[in-house]
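The values are calculated or read from the model by the stated rules, or taken from the named source; none is laboratory data. Predicted, not measured: the structure shown is a model, and the values here were computed from it. Don't worry about glycine lacking a Cβ; one is built from the backbone with ideal geometry, like all the others, and counts go over all protein chains shown. What goes into the accessible areas is simple: the full protein's heavy atoms, side chains included, and nothing from ligands, DNA or RNA. Shrake-Rupley method; radii C 1.70, N 1.55, O 1.52, S 1.80 Å.
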Amino acid sequence: MRQESLAMRRAREREYGKDSTWYCQFKYSPVFGLGYEEGIHRRDPSSVIKVGDIYYVWYTKSTGPSVGYNTGDLEAKVWPWDWSDVWYATSNDGVSWNERGLAVGRGERGAYDDRSVFTPEVLAYDGRYYLVYQVVQHPYLRRSKEYIGMAHSDSPNGPWVKMREPILSPADNGEWFGDADNRHLVTIRGDFDSHKTNDPCLFYYHNQFWLYYKGYPMGEQLNCAGRETKWGVAVADRPEGPYVKSEYNPITNSGHETLLWPYRGGIAALLTTDGPERNTIQYAPDGLQFGIEAYIEHPPEAGGPYRSELTDQHPLEGVRWGLSHEINSRWHYIKRFDVDEKTKHLCINKFNH
Ligand code: AAL
């Protein structure tokens with residue numbers, strides 16, 4: 001008698017194959033103006049937005065090599081995103097970019113953002129522009145907490161006005177233990193985001209402002225051979241906040257840099273790099289309850305998509321192209337990604353002909 005295997009039962013229950021439109025591959029190409037450059041890191045591009053006929057992107061920019069935490073010099077650059085500022089660039093075609101200059105720089109010594117401002121995202125809403133980004137205060141130590149800051153402007157070209165305080169903070173319910181130079185030692189771990197809040201991504205959704213982000217816990221452990229990162233969301237009535245973390249947090253069990261796009265009333269997400277569900281596209285009809293829709297090989301890292309107004313026409317429309325970064329290189333740089341329609345259908349074509 002024929003039996004059903006566990007694998008086929010899972011496929012039936014989860015309706016695998018029912019909707020393969022979420023599957024795709026990505027191809028990568030160089031961009032001009034933000035590509036590899038000796039002595040400079042450009043990384044973590046924001047989403048790309050179009051204002052009039054011009055595309056805009058914001059990104060982390062820093063100079064010089066990073067040397068890690070062990071130098072004993074509190075001024076030393078510990079990461080490529082340390083001592084960084086947020087810069088921006090414009091383009092007519094999404095391929096050739098003109099670096100336009102500084103958008104948001106570090107604060108004065110003693111300010112909450114005096115050490116580094118980095119990993120920006122942008123929201124255009126009601127004629128104004130909101131940049132959200134990571135901030136670190138000096139000195140940058142292994143146990144330094146990482147916050148999310150915001151600046152707003154009436155123009156994508158600035159000038160940008162910073163908020164007085166971070167708009168999102170790590171949960172304050174963990175407790176360190178022992179050697180202050182060891183971020184893995186805790187007596188209480190606290191919430192999934194007790195150490196760092198990173199990678200903000202802001203949407204106007206259901207008449208509110210939804211700030212997705214990545215969290216790291218204090219006392220981080222390995223998670224399926226990756227880092228222990230998960231995503232949360234915090235919601236506010238006004239773009240400036242106050243932001244209230246969702247009671248469903250964390251809303252993913254995996255994922256590094258956030259990449260999300262709206263689709264038919266819900267929110268789609270590309271999870272990469274870390275956790276058991278890395279390299280998947282997921283969809284939450286309500287922005288909170290994410291399910292796996294597709295497994296993706298070689299997804300863009302730290303991708304910032306151009307979310308076209310046609311986003312509801314196809315599951316992948318909101319991620320059709322954008323900018324991502326390349327960090328397997330001495331100097332980090334920005335490149336372009338595109339959904340590769342050809343490879344998507346290659347198999348089927350091969351067997352049909
Ligand atoms: C990234 C992001 C955040 C991290 C670091 C810089 O790609 O996840 O920004 O803090 O790495």
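The table for this structure:
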read-out: Which listed residue, of E277, E297, E301, E293, is among the charged types (D, E, K, R) and in a strand (DSSP E or B); value: E293
read-out: Candidates D154, D181, D199, D126 - the one that is acidic (D, E), within 25 Å of K50 (Cβ to Cβ) and touching a residue at least 40 places away in the same chain (Cβ under 8 Å); value: D199
read-out: Unique residue being open to solvent by less than 70 Å² (accessible area, probe 1.4 Å) and over 29 Å from R128 (Cβ atoms) when the list is G178, G215; value: G178
read-out: The listed residue being open to solvent by less than 10 Å² (accessible area, probe 1.4 Å), more than 17 Å from Q25 (Cβ to Cβ) and more than 14 Å from the ligand (Cβ to nearest atom), out of G291, G287, G275, G265; value: G287
read-out: Conditions (1) under 27 Å from A302 (Cα atoms); (2) charged (D, E, K, R); (3) more than 16 Å from the ligand (Cβ to nearest atom); number of the one not met by E175; value: (1)
read-out: Odd one out for L185 among (1) out of contact with any Pro (no Cβ under 6 Å at 6 or more places or on another chain); (2) crowded, with 20+ Cβ neighbours inside 10 Å; (3) aliphatic (A, V, I, L, M); value: (2)
read-out: Hey, E247 open to solvent by 10 Å² or more (accessible area, probe 1.4 Å), out of contact with any Leu (no Cβ under 9 Å at 6 or more places or on another chain) and without any contact (Cβ under 8 Å) to a residue 24 or more places away in the chain or not; value: yes
read-out: Some residue of region 156-164 being of a type outside the set (S, T, N, Q), at negative phi and open to solvent by less than 30 Å² (accessible area, probe 1.4 Å); value: yes
